[in-house]
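S.K.: Pasting in a structure now, in structure tokens, and then I'll have a few things to ask.
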Amino acid sequence: MNFGAALLSGKGVAADKPRAVALFQQSCNAGNATGCVSLAIAYAAGGKGDVAKALPLFQKACDLGHPEGCYSVAVILEGGGLGIPADAERARSLYQVACNGGYGNACNNLGVGYAERNDHKSAVALYEKGCAAGSLIACNTLGIALEDGRKGVAANPKRAASLYQKACDGGLALGCKNLWSMYRSGEKIPKDLERALALEEQACAAGEADGCFAASFQYGLAMGVPKDINRAKALLAKSCELGLQKACEVIDRLKAPLAKPAKP
């Protein structure tokens, strides 16, 4: 299975999707649930992914007891589309199966559903379970719930910050963003512009445009760091290159000639 994944990604070997698909198919046919999941992902991935072809493979993996298979079916059914009818009730049931099987992202999605129905206690309990199972997105979602509190759930900004840090350290840029926002505002935890900048640059180095954009303003406005216009421009340019439209718009405005003052 690892070799098939390497062939699909091209990491360490020449990429060969047809061969990877053949290996995944052989494994799935032999009753290996992970092989079915890998085959489904291979079909669903990319701009021309075939979700309709992936769905029965995810379902087979789910039937074989693979929680990621159940989770993936739930994601497809929750949204529907591409010729697949939405089925919110079945999606919730499958999220529950996957969550019970230790798949943390499923616990997160199940919790979001409870939150949408204003059952925040149940939602937070599921975020907790998902975070404990290793889901970075569940840790981040739990942080959001605790940062301001919810009905029946007390606010705990200090713990929210630690949850954002956990998500950020695990590679979830959204966790970094939520944490640097807390440090920059100083409303719920002590203000720390230097720490905010470090998080922004960490996210930027990982290819997150928002991090580059936020850091560029700190350098440009001397927020917790000596003013460095060249550094600010470089970060702004990187943010634009990474696809953040508002960064490109700022660059365009900076390049525009200043209007001449009207003659008296």
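S.K.: What number comes out for the charge environment of Ser93, summing +1 per Lys or Arg and -1 per Asp or Glu over other residues with Cβ under 15 Å away?
M.R.: -2
S.K.: If you stretched the chain out fully between Ser122 and Asn230, how much longer would it get, using 0.36 nm times the residue separation minus the C-alpha to C-alpha distance?
M.R.: So the extension gain works out to 34.0 nm.
S.K.: Run the accessible area of the stretch 18-103 with a 1.4 Å probe and give the carbon-and-sulfur part as a rounded percent.
M.R.: 54
S.K.: Tell me the per residue accessible area of the stretch 122-264 using a 1.4 Å probe; a whole number in Å² is fine.
M.R.: Per-residue accessible area for the stretch 122-264 comes out at 55 Å².
S.K.: Pairs of Cα atoms under 8 Å, at least six residues apart: use those to get the relative contact order of the chain, whole percent. Don't skip to the answer; put the middle values down first.
M.R.: On the way: 424 pairs, mean separation 17.6, N = 264.
Value for the chain: 7 percent.
S.K.: Within 10 Å, count the other beta carbons around each residue, average over each peptide in 187-195, 70-78, and list them highest first. If you can, show how the numbers build up before the last one.
M.R.: Values: 187-195: 13.7, 70-78: 24.3.
Ranking the peptides 187-195, 70-78 by packing returns 70-78, 187-195.
S.K.: Which lysines have a Cα less than 19 Å from the Cα of Lys246, not counting those fewer than 8 places away in the same chain?
M.R.: Within reach: Lys177, Lys233, Lys238, Lys255.
S.K.: Give me the lysines in straight-line cross-link reach of Lys60: C-alpha distance below 30 Å, same-chain residues under 8 apart excluded.
M.R.: Lys60 reaches Lys11, Lys17, Lys48, Lys129.
S.K.: How much of the accessible area of the stretch 156-253, in percent, comes from carbon and sulfur atoms when a 1.4 Å probe is used?
M.R.: About 52 percent, which is the carbon plus sulfur part of the accessible surface.
S.K.: While we're on this one: Tell me the trypsin sites (Lys or Arg not before Pro) within the stretch 21-125 that lie in a loop according to DSSP and have at most 12 other beta-carbon atoms within 10 Å.
M.R.: Qualifying residues, ordered by number: Lys48, Arg117.
The values are calculated or read from the model by the stated rules, or taken from the named source; none is laboratory data. These numbers come from a predicted model, not from an experiment. Heads up, the Cβs are rebuilt from the backbone with ideal geometry, glycines too, and the neighbour counts pull from every protein chain shown. Note: accessible area is taken over every heavy atom of the protein model, side chains too, but ligands, DNA and RNA are not part of it. Shrake-Rupley method; radii C 1.70, N 1.55, O 1.52, S 1.80 Å.
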